[in-house]
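Here's the structure, in structure tokens; my notes come after.
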Amino acid sequence: MEFKKDCLKVIQKRKAHSESEFQDIYTEAVIIFRNNIISGKIEELSSVKNYLISTCVNISRQHITKEIKLKSKEAEVRHLLYPVDEPYSEKNDIKEDLIKYCKESLKALTEKCQKILVLYYVHNLSMKEIAAELEFSSSDVTKTMKSRCYRKWVAKTKELMQ
């Protein structure tokens, strides 16, 4: 499409995504645009170019926010499971034990919780994709379930480590 270069320029200014990630973002923006036209959400539009650019920027923001949240969760888990005072070599020594505890605590959760956590953290699926996969009514329900399951998983892991 003729607006692809314009969208790419805006996204490149942010320096947050690779070329392949941009391709995915742009494709997603075009699909959203198409779906909104078909569904009647867009009845009148003054500029297709501006619509696609703003959609790409919003999708980019969502991806960045997701990455930040994921890194924050990883840091939180690392902080919860590794005492700050331990030297790095000791952290490596207990890494295998930690993996064992995490696997055991994951198995102790309900099957639904296991699926949600694996789909989100291992397969990197979005809340919408998980909702569709597990037949939840919405991504909000999935997000709530994931948070509950995550808290249970961390608590169970801490319990097993003591």
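The values are calculated or read from the model by the stated rules, or taken from the named source; none is laboratory data. Quantities reported herein were computed from a predicted structural model and do not represent experimental measurements. Virtual Cβ from ideal backbone geometry, glycine too; neighbours counted across all protein chains shown.
Test of understanding: among Ser105, Ser54, which residue is at pLDDT 85 or above and closer than 30 Å to Gln23 by Cβ?
Values: Ser105 fails: closer than 30 Å to Gln23 by Cβ.
Residue meeting the stated conditions: Ser54.
List every residue pair whose Cβ atoms sit under 7 Å apart, with the two residues 6 or more apart in sequence or on different chains, where the first one lies in the range 113-127 and is not assigned by TED's automatic domain parsing to the domain that holds Val141 and the second, anywhere, is at pLDDT 85 or above and among the charged types (D, E, K, R).
Filtered contacts from the range 113-127: no entries.
In the range 131-142, is there at least one residue being among the small types (Gly, Ala, Ser), in a loop (DSSP other than H, G, I, E, B), within 29 Å of His63 (Cβ to Cβ) and touching a residue at least 12 places away in the same chain (Cβ under 8 Å)? Working first, answer last.
Of the range 131-142, the ones among the small types (Gly, Ala, Ser) are 131-132, 137-139.
Of the ones still in play, those that are also in a loop (DSSP other than H, G, I, E, B) are 137-138.
Cutting the leftovers down to within 29 Å of His63 (Cβ to Cβ) gives us 137-138.
Checking which are touching a residue at least 12 places away in the same chain (Cβ under 8 Å) leaves us with none.
Looking for residues that are among the small types (Gly, Ala, Ser), in a loop (DSSP other than H, G, I, E, B), within 29 Å of His63 (Cβ to Cβ) and touching a residue at least 12 places away in the same chain (Cβ under 8 Å), one finds none in the range 131-142, hence no.
Pairs only if they're at least six apart or on different chains, beta carbon under 7 angstrom, first in the range 4-15 and touching a residue at least 40 places away in the same chain (Cβ under 8 Å), second surrounded by 10 or more Cβ atoms within 10 Å (Cβ to Cβ) and assigned to a loop (DSSP other than H, G, I, E, B); list them, first residue then second.
Taking only residues 6 or more apart or on different chains, the pairs are Ile11/His17.
Could you tell me which residue of the range 116-161 is farthest from Glu67 (Cα to Cα), considering only residues that are polar (S, T, N, Q) and surrounded by 17 or more Cβ atoms within 10 Å (Cβ to Cβ)?
Within the range 116-161, the first condition is being polar (S, T, N, Q), and the residues that meet it are 124, 126, 137-139, 142, 144, 147, 157.
Checking the rest, the ones that are also surrounded by 17 or more Cβ atoms within 10 Å (Cβ to Cβ) come to 142, 157.
On the way: Thr142: 18, Thr157: 24 Å.
Out of the qualifying residues, it is Thr157.
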